[in-house]
Amino acid sequence: MDGENRRTIRVLHVDDDAQFLRTAADLLERENDALTVATETDPDAVLERLTEGAVDCLVTGYEMPGTDGIELLQSVREEFPDLPVILFTAKGNEAVASEAIAAGVTDYLRKDATASQYAVLANRVEGAVRQYRAERDLARETSMFDALMENVPVGIYFKNTDGEHVRVSEYQCRQYGEGGLRTPEGERLSEPSEFVGKTDPDIYPEELAAESYADDMR
């Protein structure tokens, strides 16, 4: 891993077997030196730990005192809908897997007695966190772009290769309305979304459409 992928991946592993957790944490960190594994034997403490500390991925067992991995997953999803959660259990079956998927599990992995299973788990954790971070960063970029298009005091528009508008700034839309313009069919466009899919001849009178086309060519 390099660049973004070299960032530390903080894992919280939940299971009622403390000795198993110590062994699993050691093996996971050996398999991937980007992983830092914290452990928790009390499922009731998981939400507090997720709230208090930065966690990139939750790994949980299935059968635990007073609850199970599915119930824990459901409670986590209410507060952290996008956090990667991997169910790692020796006692699961197809019904458990199906229930976990329905509850929003990111991945499901059966335990076995081999150390190689931890290489698989480490890879699953890394892959889930990569995707989580990429989607989170894209959401941030999209939010910033949306704010720009809503507030920038300049007319901005984007078109595809067929000349169809795919995005128009609020200012561009407002200028269209304040200019008293209408489409050739007499329609007054008042929302940026109403420009989407339309070409210049769909939006402007013939002369203005030709001017806009010439601007694009320049």
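All of the numbers you see were taken from the coordinates with simple rules; none came from a lab. These figures come from a predicted structure and were not determined experimentally. Every residue, glycine among them, receives a Cβ derived from its backbone with ideal geometry; neighbour counts consider all protein chains shown.
Relative to the Cα centre, the charge distribution of the stretch 73-218, modelled as +1 at Lys and Arg Cβ and -1 at Asp and Glu Cβ, gives a dipole magnitude of about 1040 debye. Around the amide H of THR199, modelled in the peptide plane, lie the amide H atoms of HIS165, all under 5 Å away and 5 or more residues distant in sequence or on another chain.
Look at the alpha carbon pairs under 8 Å that are at least 6 residues apart: their mean separation over the length of the stretch 63-218 gives a relative contact order of 13 percent. Values [x] 1.23; [y] 0.97; [z] 0.94 are given for comparison; Rg/Rh (Cα atoms, Kirkwood Rh), derived from the coordinates here, is the one labelled [x]. Here the Karplus curve 6.51 cos²θ - 1.76 cosθ + 1.60, taken at θ = phi - 60°, turns the phi angles of the stretch 118-126 into couplings of 6, 5, 5, 4, 4, 5, 5, 4, 4 Hz, with x standing for Gly and Pro. Net charge in the neighbourhood of SER143 (other residues with Cβ under 14 Å of its Cβ; Lys, Arg +1, Asp, Glu -1) is -3. Under 5 Å from the amide H of LYS159 lie the amide H atoms of VAL166, each residue being 5 or more positions distant or on a separate chain, with H modelled from the backbone and absent for Pro and chain starts. The residue among THR23, GLY53, THR183 whose Cα reaches farthest toward the positive pole of the charge dipole of the chain, with charges on the beta-carbon of Lys, Arg, Asp and Glu, is THR23. Couplings 3J(HN,Hα) for the stretch 30-44, derived from phi with the Karplus relation 6.51 cos²θ - 1.76 cosθ + 1.60 (θ = phi - 60°), are 5, 5, 9, 6, 7, 7, 10, 10, 9, 10, 8, 9, 9, x, 5 Hz, where x marks Gly and Pro.
A simple rule links phi to the HN-Hα coupling: the Karplus curve 6.51 cos²θ - 1.76 cosθ + 1.60 with θ = phi - 60°, which for the stretch 78-87 gives 5, 9, 10, x, 10, 4, x, 10, 10, 8 Hz, with x for Gly and Pro.
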